[in-house]
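Before I ask anything, let me first share the structure, which is written out below as structure tokens.
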Amino acid sequence: MTTVRGATFDVLRRYGLTTVFGNPGSTEVTLLTGLPDDLRFVLALHEGSVVGMATGWAIGQEAPALAVLHTTAGLGNAVGAIATARVNRVPLVILVGQQDRRHLALEPFLTGRIHGLAGDYPVWVDQPVRAQDVPGAVARAFHEATTFHGPALVVVPMDDWEAPFSGSSGSSGSSGEPVAAAVRVVRPVAVSDGDLAPLVELLSGARSPAIVAGARAEWESLVLLAERLGCPVFQESFGGRAGFPQDHPQYAGVLPADRGRLREALAPHDVVLAVGAPVFRQYPYAPGPLVMPGTSVAVVTDDPAEAHRSPAALSYLASPSAVCARLAALLPARPPVARRSDVPDIPEVPAEGRPLRAAHVLRELALRLPADTALIEETPSSRPDLHRLVPARTPLGFLSAAMGGLGFAVPAAVGLRMALPERPVVAVVGDGSALYGVHALWSAAHYRVGALFVVLANGRYAVMDRLADKQGGKAPWPPFTEVDMRGLARSLGCPARRVDTYDELTAALDEVLPTLSTRDEPLLLDVTVTVDPDFQP
């Protein structure tokens with residue numbers, strides 16, 4: 001007899017969801033016990049790391065990943081990571097366990113009030129009415145996650161898995177009912193020249209155009225367009241990944257995160273085209289418009305919410321890749337505008353006995369990183385230095401949590417390296433950030449995931465300290481200089497070293513970085529740094 005569990009496994013195989021990230025709970029034991037040999041279970045020690053690792057895997061695979069969570073407690077622990085996946089537009093299929101359907105009405109122990117627990121962050125949530133609807137719901141979750149670029153949740157009561165299933169894993173069964181999901185969804189991305197005519201007219205008539213590249217931009221087509229227009233290309237603020245090669249001569253840096261400096265940066269340009277980015281993400285509120293009077297803004301995005309909310313003269317809901325490629329063919333070529341050749345301000349090597357700054361670490365890292373390194377950032381007080389000193393040379397050369405919450409980088413680096421085992425993967429994190437995802441170091445060690453974790457340890461929440469200074473009051477939170485990241489990593493089975501001096505730093509990097517693409521053992525470098533006196537949030 002085919003069960004709902006067996007039929008669901010067939011669905012998982014069809015869509016390549018054969019790696020299962022999870023932290024087991026009793027409401028999932030019926031699903032997980034005795035998994036077939038072709039389904040791999042990957043254990044994380046906290047549900048935030050479960051979803052974070054699945055997010056890294058999905059980024060690396062460029063396809064949805066599968067996570068399994070334990071009823072209310074598991075989903076609740078994972079909500080922050082689910083929010084990050086949604087804002088980073090990463091597709092996930094998440095199965096959430098529920099108590100036995102046969103006595104849910106009595107609200108037994110571990111009953112989950114699950115449907116709204118993750119708020120609006122999932123792109124789709126379903127608890128099938130019947131056990132036999134579970135395989136179709138899982139297939140639909142795959143389609144929803146792919147179409148809307150985010151996490152899709154299916155809540156499954158624990159007894160559903162053993163229920164009989166009389167359909168097939170196709171669109172319908174010869175001896176049973178249809179599975180309520182398409183087998184295949186085709187998503188055409190072509191755009192017509194007629195639809196692009198208003199944007200062609202706007203850009204053709206521009207005196208001084210500029211592009212803002214976002215996380216959903218596609219590098220090859222955007223480079224073609226930028227070179228056709230001969231214009232500068234800015235990186236969006238707080239983007240989840242680099243939208244343009246940051247060693248390209250037309251790259252102009254990261255847009256400021258407040259309106260005053262944003263207007264100043266874009267003031268020379270009469271037309272600004274945002275590609276794969278909203279218009280425009282900010283952090284502190286400041287009054288006034290986003291751009292100077294006389295500047296027209298257009299946006300190209302495949303995210304309906306971005307297209308609808310962006311204050312733009314033209315908004316295209318379409319594939320950024322298709323639009324940019326066609327625009328590059330339709331627009332007249334312009335000579336490239338001369339760009340200023342910025343030389344990063346590199347701090348001098350610290351004198352004997354002087355402490356390391358984050359910029360010292362990032363500069364030495366940049367000098368040695370392989371060009372194809374996937375770098376995941378979660379170091380808020382050092383992010384400006386990282387943008388300045390470590391240019392992204394591939395689309396994975398800069399990844400970050402676009403939502404702003406902590407706990408993304410360490411587990412995402414583990415999942416990403418598992419998906420791309422021959423790709424160098426480096427996570428650069430603050431010690432405060434690393435503590436939110438430290439559980440994933442066990443998974444890195446157990447599954448022999450050769451990622452490098454560079455922890456910039458200043459023993460405090462430097463961003464919050466500086467914000468408190470700006471408020472003119474005393475921060476009530478203490479530093480946490482007692483935390484030993486090297487000791488924590490080792491307690492989880494992950495090799496780790498303490499780095500206190502410049503010579504120790506360069507020696508460690510010289511030894512480790514050449515091995516990044518082949519190593520099968522993780523390593524954490526616990527690097528002591530001082531707070532940058534010039535840092536401003």
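Compute, for segment 380-537, the length of the dipole vector about the Cα centre, with Cβ point charges of +1 (Lys, Arg) and -1 (Asp, Glu) only. Units Debye, rounded to 20.
For this selection, approximately 460 debye.
Using 20 Å as the cut-off for backbone N distance, which residues of segment 12-54 belong to the label zone defined by a point 7 Å from the Cα of residue 73 along Cα→Cβ?
Taking a point 7 Å out along Cα→Cβ of residue 73, the residues of segment 12-54 whose backbone N falls under 20 Å are 21-33, 42-52.
Just how much of residue 241 is accessible, in Å², when a 1.4 Å probe is used and the result is rounded to the nearest 10?
Here the accessible area works out near 60 Å².
In addition: What accessible surface, in Å², does a 1.4 Å probe find on residue 292, ignoring ligands, DNA and RNA and rounding to the nearest 10?
80
Ranked from highest to lowest mean number of other Cβ atoms within 10 Å per residue, what is the order of the peptides 191-203, 486-498?
Peptide ranking by packing, descending: 486-498, 191-203.
By its C-alpha gyration tensor, with a ≥ b ≥ c as the square roots of the eigenvalues, how is segment 26-102 shaped: rounded for a/c under 1.5, else prolate for a/b larger than b/c, else oblate?
Oblate, because a/c is 1.5 or more while a/b does not exceed b/c.
Right, another one. Going 7 Å from the Cα of residue 520 along its beta-carbon direction, which residues of segment 411-433 have the amide nitrogen within less than 20 Å of the resulting point?
Output list for this probe position: 414-426.
So what is the relative contact order of segment 262-365, in percent, for Cα pairs below 8 Å that sit 6 or more residues apart?
That works out to 20 percent.
Also, quick follow-up: Taking Cα pairs under 8 Å and at least six residues apart, what relative contact order does the chain come out at, in percent?
13
Under the rule of -39500 (n - 2.57) per DSSP H run of 4 or more residues, summed and divided by the residues of the chain, what mean residue ellipticity at 222 nm is obtained, to the nearest 500 deg cm²/dmol?
Result for the chain, helices only: -9500 deg cm²/dmol.
Would you rank 82, 346 by solvent-accessible area, highest first, keeping every protein chain in place and using a 1.4 Å probe?
Correct descending sequence by accessible area is 346, 82.
Could I ask something else about it? Treating only the Cβ atoms of Lys and Arg (+1) and Asp and Glu (-1) as charged, compute the dipole magnitude of segment 139-271 about its Cα centre; round to the nearest 20 debye.
It comes to approximately 340 debye.
Let me ask something additional. Taking a ≥ b ≥ c as the square roots of the eigenvalues of the Cα gyration tensor of segment 196-347, is the shape rounded (a/c under 1.5), prolate (a/b larger than b/c) or oblate?
Here segment 196-347 falls in the rounded category.
Shifting gears a bit: With a 1.4 Å probe and all protein chains left in place, how much accessible area per residue does the chain have, in Å²?
42
Could you check the simple spin-label distance between residue 530 and residue 200, using points 7 Å along Cα→Cβ, in nm with one decimal?
It is 5.9 nm.
Is the C-alpha gyration tensor of segment 21-61 telling us rounded, prolate or oblate? Criteria: a/c under 1.5 is rounded; beyond that, a/b larger than b/c is prolate, otherwise oblate.
Working: a/c = 3.04, a/b = 1.37, b/c = 2.21.
Oblate, because a/c is 1.5 or more while a/b does not exceed b/c.
On the protein heavy atoms, probe 1.4 angstrom, tell me the percent of accessible surface of the chain carried by carbon and sulfur.
Taking all protein chains in place, the chain shows 54 percent carbon and sulfur surface.
What figure in square angstrom, to the nearest 10, would you give for the accessible area of residue 124 with a 1.4 Å probe?
40
If you don't mind, another one. With a Cα-only, solvent-free Debye model of the chain, what are the log10 I(q)/I(0) values at q = 0.07, 0.13 Å⁻¹?
For the chain at q = 0.07, 0.13 Å⁻¹, log10 I(q)/I(0) is -0.43, -1.30.
Also: To two decimal places, what compactness ratio does segment 450-537 give when its Cα radius of gyration is scaled by 2.2 N^0.38 Å?
1.31
Going by average Cβ neighbours within 10 Å, how do the peptides 31-38, 62-69, 272-279 rank, with the highest at the top?
With the highest mean Cβ count within 10 Å placed first, the list reads 272-279, 62-69, 31-38.
Report the local net charge at residue 459: Lys and Arg +1, Asp and Glu -1, summed over other residues whose C-beta lies under 9 Å from its C-beta.
-1
The values are calculated or read from the model by the stated rules, or taken from the named source; none is laboratory data. Quick caveat, the model's predicted, so the values are computed rather than measured. Positions of Cβ are generated from backbone atoms using ideal geometry, with glycine treated the same way; all protein chains shown enter the neighbour counts. The protein model used for the area step is the full one, side chains on, heavy atoms only, and it has no ligands, DNA or RNA in it. Shrake-Rupley method; radii C 1.70, N 1.55, O 1.52, S 1.80 Å.
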